[in-house]
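See below for the structure under consideration.
The values are calculated or read from the model by the stated rules, or taken from the named source; none is laboratory data. Worth saying up front: this structure is predicted, and the values here are computed from it rather than measured. So basically every Cβ, Gly included, is an ideal-geometry build from the backbone, and we count neighbours across all protein chains shown.
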Amino acid sequence: MADAPQYNASTPNGGNPLEIDVNAQYDGFEYNYTYIVFCGFIVWLIIPGIGLLYGGIARRKSALALLFQSMMVVAVTTFQWMFWGYSLAFSRNAGPFIGTLDAFGMMNVLAAPSPGSDVLPEIVYCLYQLLFCACTVMIVVGGAFERGNIVPSLIFSFFWATIVYCPIACWTWNSNGWLYNLPSLDFAGGGPVHISSGWAALAYAFVLGKRKHHGEHTHGKPHNTTLVFLGTVLIWFGWFGFNGGSALNASVRAMVAAFNTNTAACTGVLGWVLVDYIRYKGKFSVVGACEGAIAGLVGITPAAGYVSVWLAAVIGLITSIVCALLQNVNDWLHIDDGMEVFKLHGIGGICGAFMTGIFATSSISALDGSSLSPGAIDGNGKQVYLQLAEIAAISAYSFTVSCILLYILKFIPGMKLRVEEEAELIGLDKAQFVDEQIGDWISGDDALLAVASVQIFRPRFPLQNPDLVGLHCSPPSPFVRFRQQNIAHQNNNRRYGVILDAGSSGTRVHIYRWLNNTKARQSDSPKKLKSLPEITTKEDWTKKINPGISTFADKPERIGPDHLEELLQHALDIVPEASVKDTPIFLLATAGMRLLGDFERREILNQVCSFFRANSDFLLPECDIHIQVIPGETEALYGWIAANYLLGSFDSPEEHAHGKDHHTYGFLDMGGASAQIAFVPNATETEKHGNDLKLMRLRNVDGSIQEFRIFVTSWLEFGVREARRRFVEALQESIDVPEITEYPDPCLLEGLRTTLDGTLASDITHGPYLLGTGRFDECVRQTYPLLDKDAPCADEPCLLHGIHVPAIDFDVNHFVGISEYWHTTHEIFEMGYKDKAYDFNTYQQRVGAFCSQDWEAVEQGIAESRWGSKVDLLKAQEVCFKASWIINMLHSGIGIPRVGLEDTRLSGHNGTKEILQHGKEKGYLDPFQAVNKIDSTEVSWTLGKVVLYASSQVPAVEPDALPVGFGSNEPGIPNDFQYPSVELVPSPGPATEEAESWHDTLFGGESPRRIPGVLLFVFIVVIMLFFLCGRSRRSRIFLKFKSLFKRGGRVRRRYPTKLGFMGRNTQAYERVIEEGGQVFELAGADSDSDDGFDSDGVNPKRHHPYTGSATGSQTPGLKFEFDNISSTSIGLGIATSNVLDRHGLVARTESREHLVPTVTQGSRSRTVSPTRGRRSPMMKPIDDQ
């Protein structure tokens, strides 16, 4: 084989290509640099991969900034590397700590053998090392995510690469570097890339400080797991080039390094997933698997070319497990490294570097034919200490210098490393970008909306060239225009509603969707036209966070950023952008807010309204209606609507006929503080107690009306939590002996001890406590007095606490119960009785059997998951009291017949958690049935609210039709009538196509007035511009038009002084032209007119051609067009109208022809090629990296 080329200091650039063939010296070694170039290409993929990974982990409002920075980091680092970075790291006459500027500005970096390997041209080596630097800087950027200013971060990137990365790269890989000669072992960058970037990211996070509201669970939750996965895939793929190319030749050692890369990544996944599986009790995490892969890749980086494949597996596994176990390292260090850069790269790199010293094997490093690098496993125990020296030096230098650099930048006037608080709260994307945001990943019915995303952004300012919107290089084809119009039409056909249920323990957002009434009325089904609007939702459209908004009573100004921001962003992620302004948003608070004082309540509600209006365009016309505390009666009324809507009794009354012209279902709800009931009494009771009823009015799709007269009431302190509190107080009063501290509680399992507030306390030795006796029958008896059935009743009849309730006719009134009615009757027996009915026939027997056990037996059963994974100690502790209270409320309180529970007609019904069919088919004719979901939709009062609102948006058929809503049972519109919203329906009209907006009226549809309207609009705009131009400008325009019609022939196009989109030309430019100044031309760029427009009618002021000279009359001038691309152009402004317009392609083709190498003979031969690995002492040393 020919000898490898040798560096000749007399020709530092490899020779003059005009005199010799510089390629000839690499004859027989081309495969090496071809392989390294290919590795460099795939290493480049790591950079956008990191951007995708970071973007997916970040919250959606700041994800675009990280994608943008991945592109900017490549640009900035490339400039830095070409300017002086390469010279500082790899100059041939470098010192032990940093290089010289001999290669400043890429001087002589061309065809000579590289410092790293004689078989690589230096330009190839420079490119490959550049990508390592770019990857490292991109990793560091993760330390500032969601709060770092982009411009200062790019300035920091430039100087960090200069004074941190380049010196460390020189230490490690330059043949003059002190770590290289120590020697430390670092095959592909464990120190320069990972350890240095990990400590630098830690410094970045430390100097910036924590994000606002750091510690909330939303700060650590990836917004898009798909992006995380795709980013990891790109990083994994790019790492084959990262490690496999670091041999700097195509030897067997390079192949082993590539194999080790995949092996370590795979065992890294296994290690992290194992830890997650144990930590999360049998559940997996996609993000965890991705982090495990990266940890494995980081760990193997310094060792890839030194260890065997099985040792690579060990390194990946150990590194991954160590990183996974350090889940709380950020809390220990009191920093906010949300991307976990320090954990994965800093600690992972340290693990890899340390294990390299242990597992490095001479037989592997020798596979390149020139290196021997033994570790402790080969008897060279000293190598471990040398690796520790490398770790300590790089860690200390990177962290210290990074902190100093950041503090210097921080205190430079105008150099704000961190964004303002407002920008951080609304998100970096909205604060630092034009109208762009990270796209959603959608599917199903919304898939067509993705076509609209071809228009990547809508600029806030008018562009001089519409082809520049997004990345459009030409007007859309007729097919694309049709699809876009179809998508816009589909958007207009859908309406959305956002309801926030602000409860005592947390706030939950619900998002619903229904068809626009115009579209819904096009149905040819009479039944659908006589039905209410069809509401749909999805399980992932609901999101809950804790605690409740009532906890912000002492800091109402923080309720938006600390509590509502996540829910609002979730809603914005679901609702299409085009529909946001027409989507109503409601926040309706319940039990917790009712307990606050008027002042605190009003302050919180005002802050909620202000936050919604400032941070979204959701429809919010009146705060007092959209943001309010609703009473228990209203909550029950909405629940009644939701239950009957899902059961189908509104739309199909004939299928739910219960007799006596009655087809609706009663509704029962019980929470922690209160219980509610809502039902339509029979005809006799309705007539007798009409003044006690609420009038509910709904409107069908065709505009027809449904009216119901409903009784609704709420019992305060009758929820399970308040009932338990009253029960414990009654126990204390029943004994009333000061010396007694032990109170026997029949509602607790035998042997169970708790404090009076319910806290488990098995080792209590003093103070009052409750001791369970496990007597369920006694528990039922003692909870009965809490119903307060004997309270005075001012208005007969009464059920509980002296509150009036019309007599319930259980022949026609069939109830469904939710919340505690469901949880208490189902959850505790979900597994133990999964093959038996969940009706109340056997409920008392099951509860009695469960509550007769002692506490130790129940604890053992919970440990064995005898009653399912959802049943924990707290639920088991509370279930006996809850069951007794539910039984008393249902039978002794509300009066549901016990006989119906002991011997029902449908006692074999299995009331599972998921009710898949409507009421009559599945047994809702029983007096009571507990439910959680109906038709896969949760029974929530928020659904009732949105049904009421959607119904109110149906136009009335008659001009004098009564509105949708509810109020007192009076004719017409009572004084207390409550509308669903201030913004009610459009004016009455026929069920025909309705204009969605002024834009559609003017530009869309089939109206015969559309064209005249457009012309009138254009005429008005022209007149306005005419008067705004000023006299002198009007005169010039007039002269130009005059010359257009007077003069003929062709004139040459004038050369502009600035890009068109930067504004009009200055007076100085215009005077030069008018006074006959020199006109600059480009070859072949003649114009058809002299008025400043080219042959296509495009203003040349929008062109920005570069000046240049043609090599001949037949050679087209070189021209770059930034905008005003013709309609037949493709991709990035390359016109296709004729061959002379394809200047970029012609230039590239000509350049390629000049680069064809001349094949020569007589190449020198060399049996092996140098690498960056260690040499055997018996081999002749060769200059290396």
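Applying the selection to the range 6-46, what residues are within 26 Å of Ala254 (Cα to Cα) and acidic (Asp, Glu)?
Correct list: Asp27, Glu30.
Filter the range 396-440 down to residues that are acidic (Asp, Glu) and either over 20 Å from the mean Cα position of the chain (by Cα) or within 12 Å of Pro152 (Cβ to Cβ) (or both), then give me how many there are.
2
Report, by residue number, each residue of the range 85-111 that is among the β-branched types (Val, Ile, Thr) and within 10 Å of Pro167 (Cα to Cα).
Ile98 - this is the single residue of the range 85-111 that is among the β-branched types (Val, Ile, Thr) and within 10 Å of Pro167 (Cα to Cα).
Regarding the range 242-256, can at least one residue be identified that is outside any helix (DSSP H, G or I), in the same structural domain as Trp173 (by TED's automatic domain parsing) and closer than 19 Å to Ile46 by Cα?
Checked against the condition, which is being outside any helix (DSSP H, G or I), in the same structural domain as Trp173 (by TED's automatic domain parsing) and closer than 19 Å to Ile46 by Cα, the range 242-256 yields at least one hit.
Quick grid of which residues meet (1) among the hydrophobic types (A, V, I, L, M, F, W, C); (2) out of contact with any helix residue (DSSP H, G or I) (no Cβ under 9 Å at 6 or more places or on another chain); (3) within 30 Å of Pro971 (Cα to Cα):
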| position | (1), (2), (3) |
| --- | --- |
| Arg709 | no, no, yes |
| Ser714 | no, no, yes |
| Arg721 | no, yes, no |
| Glu733 | no, yes, no |
| Thr741 | no, yes, no |
| Pro746 | no, no, no |
| Leu756 | yes, no, no |
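So is Pro533 part of a loop (DSSP other than H, G, I, E, B) and either touching a helix residue (DSSP H, G or I) at 6+ places or on another chain (Cβ under 8 Å) or in the same structural domain as Gly703 (by TED's automatic domain parsing) (or both) or not?
yes
Suppose we filter Gly15, Gly40, Gly85, Gly51 for residues that are crowded, with 16+ Cβ neighbours inside 10 Å and within 27 Å of the chain's Cα centre (by Cα); which single one remains?
The conditions single out Gly51.
Could you please find all residues in the range 584-598 being touching a Ser or Thr at 6+ places or on another chain (Cβ under 9 Å), more than 9 Å from Val629 (Cα to Cα) and assigned to a loop (DSSP other than H, G, I, E, B)?
Leu595, Leu596
Are any residues in the range 502-559 of a type outside the set (D, E, K, R), without any contact (Cβ under 8 Å) to a residue 60 or more places away in the chain, within 24 Å of Arg594 (Cα to Cα) and surrounded by fewer than 21 Cβ atoms within 10 Å (Cβ to Cβ), and if so, which ones?
Selection gives Gly506, Asn546, Pro547, Gly548, Thr551, Ala553, Pro556.
Sort out which residues of the range 785-811 are crowded, with 16+ Cβ neighbours inside 10 Å and either outside the structural domain of Arg846 (by TED's automatic domain parsing) or not in a loop (DSSP other than H, G, I, E, B) (or both), and write them in order of number.
Leu786, Leu787, Cys798 - these are the residues of the range 785-811 that are crowded, with 16+ Cβ neighbours inside 10 Å and either outside the structural domain of Arg846 (by TED's automatic domain parsing) or not in a loop (DSSP other than H, G, I, E, B) (or both).
Any residue at all in the range 565-581 that's in contact with a Pro (Cβ under 8 Å, 6 or more places away or on another chain), of a type outside the set (Lys, Arg) and under 30 Å from Ser714 (Cβ atoms)?
no
Is it the case that some residue within the range 121-138 is under 38 Å from the mean Cα position of the chain (by Cα), among the hydroxyl-bearing types (Ser, Thr, Tyr), closer than 23 Å to Gly238 by Cβ and in the same structural domain as Glu340 (by TED's automatic domain parsing)?
Yes, the range 121-138 has at least one match.
Is the range 130-139 home to any residue that is in a helix (DSSP H, G or I), on the phi < 0 side of the Ramachandran plot and touching a Lys or Arg at 6+ places or on another chain (Cβ under 7 Å)?
Checked the range 130-139: no residue is in a helix (DSSP H, G or I), on the phi < 0 side of the Ramachandran plot and touching a Lys or Arg at 6+ places or on another chain (Cβ under 7 Å).
Assigned by TED's automatic domain parsing to the domain that holds Phe966, in contact with an Asp or Glu (Cβ under 7 Å, 6 or more places away or on another chain) and farther than 30 Å from Pro797 by Cβ: does that describe Leu771?
yes
For the range 946-976, name all the residues that are part of a loop (DSSP other than H, G, I, E, B) and touching a helix residue (DSSP H, G or I) at 6+ places or on another chain (Cβ under 6 Å).
Val954, Val964, Asn969
Which residue is surrounded by the fewest Cβ atoms within 10 Å (Cβ to Cβ), if the candidates are limited to the range 940-969 and must be among the hydroxyl-bearing types (Ser, Thr, Tyr) and within 40 Å of the chain's Cα centre (by Cα)?
So, considering only residues that are among the hydroxyl-bearing types (Ser, Thr, Tyr) and within 40 Å of the chain's Cα centre (by Cα), the one surrounded by the fewest Cβ atoms within 10 Å (Cβ to Cβ) is Ser952.
Would you confirm, using the coordinates I've provided, whether Leu564 is touching a Phe, Trp or Tyr at 6+ places or on another chain (Cβ under 9 Å), part of a helix (DSSP H, G or I), at pLDDT 85 or above and closer than 30 Å to Leu646 by Cβ?
yes
Taking the stated definitions as given, is Ile278 surrounded by fewer than 24 Cβ atoms within 10 Å (Cβ to Cβ) and part of a loop (DSSP other than H, G, I, E, B)?
Criteria not met by Ile278.
Take the range 565-583 and flag every residue that is under 20 Å from His626 (Cβ atoms) and within 16 Å of the chain's Cα centre (by Cα).
Within the range 565-583, Glu565, Glu566, Leu567, Leu568, Gln569, His570, Ala571, Leu572, Ile574, Val575 qualify.
Quick one: how many residues across the range 726-742 are touching a strand residue (DSSP E or B) at 6+ places or on another chain (Cβ under 8 Å) and closer than 19 Å to Val879 by Cα?
The total comes to 2.
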